[in-house]
Amino acid sequence: MLGQRGPEQYEFFAGSLRDLVPDDHVLVRVARVLDLSWLRAEVADLYCAENGRPGIDPEAALRLMLAGFLLGIVHDRRLMREAAVNIAIRWFSGYGLTERLPDHSSLTRIRQRWGEARFRRVFERTVQACVAAKVAKGEVVHVDASLIRADVSWEALAKCWVEKVGDENPVHEAERDSRKTGKYKKICTTDPDATMATSGRRQRLEPSYKQHTAVDDEAGVVVDVHVTTGEDNEGAELTPALERVEALTGVKVATATADSGYAYAKVYGELERRGTAAVIPPKAEPIRSPVPMRRFRYDARHDVLKCPYGKVLKAGRAVKHGRFFTSRARDCKGCDLRGLCLSAGRVNKAVVVGHDYPALLRARRRREKWSERDQELYCRHRWKVEGVHGEAKSWHGLARAVRRGLWNMRVQAYLAAAAINLKRLAAALLLLRSLFVRMPGNRAPFMIFVDASRLRAAET
Ligand code: SF4
């Protein structure tokens, strides 16, 4: 017999909203590990103590934002529309079933009032909580960068290009739109902080920001996140990122892994100087000349360079990133390779050797002898840090900038990273609980050592 519901009835609900939210809901799991008791004191100086209308409770506002990032609803309007009908969001942020929710514009004003630094603090607190729970250690970190599409339309870019070329390169009208001057640079009129960048040679340039992420090897906790404009070089961000991780975790980073986008002599040199082992595969040397640089041998002990013909090039004038090494004209005079090796009109060879070139040579030699652990770490690098980027983009709204401006993008990145860390922490607690249930003698959960491999298994 076909069932049929009766006419619509109004019910009086007298219980807690928590009773209506399933135990395994992500907001319930995160609520168990989320402690925002410190927040009120952190932002107290931003509010007037004596007069004015009472503002929205900072904890409620942050919980609303975090709920949005945990559920992948990152636009304020959409979030508040969803919160009005979503019992889990209402319960998580402390609002009753019939209580009036704040207007979406209040969240914008709160972000502006708190500023980037306060949201960075929220993210840092999640890292410290993970370190305290032994979910993250900070000894081995995987570093990578990912582009985030800025909230800029293509039309804004095209218009800007024509104006820019017209202003800076006064040329004939017919040429103005031809893009043949070679002197243009696209900029974003609606979001000047974003710049054109691409992640592959075959992909088109897009207005972007770049997120630099450091992920801990233990359980994939995000231990550092920093956003720059899209065209920034990731290699320059590696050492500052490791310094921030060390300041946050209180532990020295022993090993850092990164992909070949970081394989520059300067990066290897900096990592050597700070005593961090680099698991970064060096790139093959580009061949730009018939006698490439790799055919020259650098002798670090005597600080000389030897050419393929066995002649010595001595160090000379210093330039920004290195020194010139020059051969003697009389050595090159009778050389068979002279036609290929020397540029037109020159009588001797001059090459620039970077300051950290010896570090690059050592990294190349080390790559040939990578241990099994190094290979394993580099395999993990891919799914750890690139996995976090995928997770943030697919599930926590980081695929595209929601708002404009660098600081807005940073706030978005901090909240997405905080949401990921809270999930990791909640997974650790779940594991502790399951172990506690199985343990004889009612031993307290905090006595149990968190085994990272079991944590990983529990997460998958
Ligand atoms: S041209 Fe000079 S620098 Fe080049 S291989 Fe011959 S001797 Fe060496």
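Rounded if a/c is under 1.5, else prolate if a/b is larger than b/c, else oblate: which is segment 272-379, with a ≥ b ≥ c the root eigenvalues of its Cα gyration tensor? Prolate shape, in that a/c is at least 1.5 and a/b is the bigger ratio.
The accessible-area ordering, largest first, of the residues Trp38, Trp395, Trp383, Trp154 stands as Trp395, Trp383, Trp154, Trp38, per a 1.4 angstrom probe. Based on alpha carbons, the Rg and Dmax found for the chain are 28.4, 105 Å. With a 1.4 Å probe and all protein chains left in place, how much of the accessible area of segment 318-439 comes from carbon and sulfur atoms, in whole percent? Using a 1.4 Å probe with all protein chains present, segment 318-439 comes out at 55 percent carbon and sulfur. Counting only protein heavy atoms and a 1.4 Å probe, segment 293-357 has 67 square angstrom of accessible area per residue. Taking label points 7 Å from Cα along the Cα-to-Cβ direction, Arg18 and Arg330 give a separation of 9.1 nm. Axis of helix 406-438 versus longest Cα principal axis of the chain: the two differ by about 60°, to the nearest ten degrees. Working from Cα pairs under 8 Å separated by at least six residues, relative contact order for the chain is 19 percent. Packing, as the average of other Cβ atoms within 10 Å across residues, places the peptides 81-90, 365-374 in the order 81-90, 365-374, highest first.
If you keep only loop residues by DSSP, which trypsin sites (Lys or Arg not before Pro) in segment 94-161 have at most 16 other Cβ atoms within 10 Å of their Cβ?
The qualifying sites are Arg100, Lys134.
Ordered by 1.4 Å accessible area with all protein chains kept, Met293, Met65 run largest first as Met293, Met65.
On a 24 Å Cα-Cα criterion, which of the cross-link pairs Lys266/Lys306; Lys210/Lys369; Lys283/Lys423 come out too long? It would help to have the intermediate numbers written out before the result.
Numbers: Lys266/Lys306 22 Å; Lys210/Lys369 33 Å; Lys283/Lys423 36 Å.
Long pairs (Cα-Cα over 24 Å): Lys210/Lys369; Lys283/Lys423.
Angle of helix 76-85 to the longest C-alpha principal axis of the chain, folded into 0 to 90 degrees and rounded to 10: 30°.
The values are calculated or read from the model by the stated rules, or taken from the named source; none is laboratory data. Computed from a predicted structure; not experimentally measured. Positions of Cβ are generated from backbone atoms using ideal geometry, with glycine treated the same way; all protein chains shown enter the neighbour counts. We work out accessible area using only protein heavy atoms, side chains counted, and drop any ligands, DNA or RNA first. Shrake-Rupley method; radii C 1.70, N 1.55, O 1.52, S 1.80 Å.
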